[in-house]
């Protein structure tokens, strides 16, 4: 971009444009109070550095989002359920904003522009009661009415300390910048958890593998990213008339990544009509669905195995690690034609040993945390295949169902160079844990 400017006004324009572009980042950098019950800054830094986010993302096939946590401005707290966290403002390489579109009361272009400009991000490091550590990037997006009431300055909000009149959305992402879920907030209270499009599609597939009835909602959103770049200006001397090019001010603009609508479906068991509860201070977004815990909203089939269920350790064989799992739960409900009859099935499986190499032949290392991620994901896949296989056979013998599940588990583990069986190497060093379930599980045990 080229402009003709006089030297006398160049500095003013440089300062004005730079300040305008970074206002949404600067407003979130503020002094916060730290409670005694939360994580300290030192703990938050240590845990964050241990996660080695760039390496984790690279192993998963995508570069991590470059970020600069503002550790000098922490907000530390605990959510009362054995989970501590620290939240700090964060500046990322690209600021991604998700706007949920209201078809009945659509926002105008100017309102949407203000929403993007006022949105800000924080980094949250969580530690659960089992000392498992997770982190999320949270983007705060206020509604047009809320923004106007607060003069478009909302950077003082934190997940555990929202304005009593906060209306809008909190969008949660992982280290790769991928949208995980959003929390809809009304009058400072979480009222709805909205899965990402990818998670919702997965959830819909899993839910339909069991009996019950389906409730669906359609969500539409616009995803944009803010980009900033240096401009080039042409400067002319009033005295000589000579002109030359030099570096100009930084300018920022928004590019629309996608505008999309998707359907999120919930499969509800008639005998378990518990109302859902949402909590923005949990990395899962649910009140009773902390890492390492079961419970929460919905059908068992919509919950995944948490990676904290596994404790992989090096056992008796070279280049081999194993983990044992007890209390694996299979549960689904067959509902007959017309929904006039139903038959619930539930069974438990003990003493399954998972084995994986510590590194592949190509040199790729599999850490115990990564092995836990693999085992949890495969267990979920084996469950889905089992539900789909027997959803039309409500009276199949339990032994046949369990045998089928174990066969699928072994087949899937082989695809990752591993094994699953009742004994493994038989090493006394194998650590057994009980299966823990959470909403689609937690896959952050890297």
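Tabulated data for the structure shown
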read-out: Evaluation of residue 369 against (1) modelled with pLDDT under 95; (2) assigned to a helix (DSSP H, G or I); (3) within 16 Å of residue 304 (Cα to Cα) (one fails), failing number; value: (3)
read-out: Qualifying residue in the range 415-431 (condition: in contact with a helix residue (DSSP H, G or I) (Cβ under 6 Å, 6 or more places away or on another chain) and under 14 Å from residue 332 (Cα atoms)); value: no
read-out: Residues within the range 103-134 that are part of a loop (DSSP other than H, G, I, E, B) and modelled with pLDDT under 85, tallied; value: 11
read-out: Scope the range 326-352; condition modelled with pLDDT of 85 or more, within 27 Å of the chain's Cα centre (by Cα) and closer than 22 Å to residue 388 by Cβ; matching residues; value: 328, 329, 330
read-out: Selected residue [in contact (Cβ under 8 Å) with a residue 24 or more places away in the chain, within 22 Å of the chain's Cα centre (by Cα) and either in the same structural domain as residue 307 (by TED's automatic domain parsing) or buried (at least 20 other Cβ atoms within 10 Å of the Cβ) (or both)] from 376, 420; value: 376
read-out: Residue 151 being at pLDDT below 90 and either surrounded by fewer than 18 Cβ atoms within 10 Å (Cβ to Cβ) or part of a strand (DSSP E or B) (or both); value: no
read-out: Of residues in the range 349-373 being touching a strand residue (DSSP E or B) at 6+ places or on another chain (Cβ under 6 Å) and without any contact (Cβ under 8 Å) to a residue 40 or more places away in the chain, the one surrounded by the fewest Cβ atoms within 10 Å (Cβ to Cβ); value: 365
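The values are calculated or read from the model by the stated rules, or taken from the named source; none is laboratory data. Remember, predicted model here, so these are calculated numbers, not experimental data. Virtual Cβ from ideal backbone geometry, glycine too; neighbours counted across all protein chains shown.
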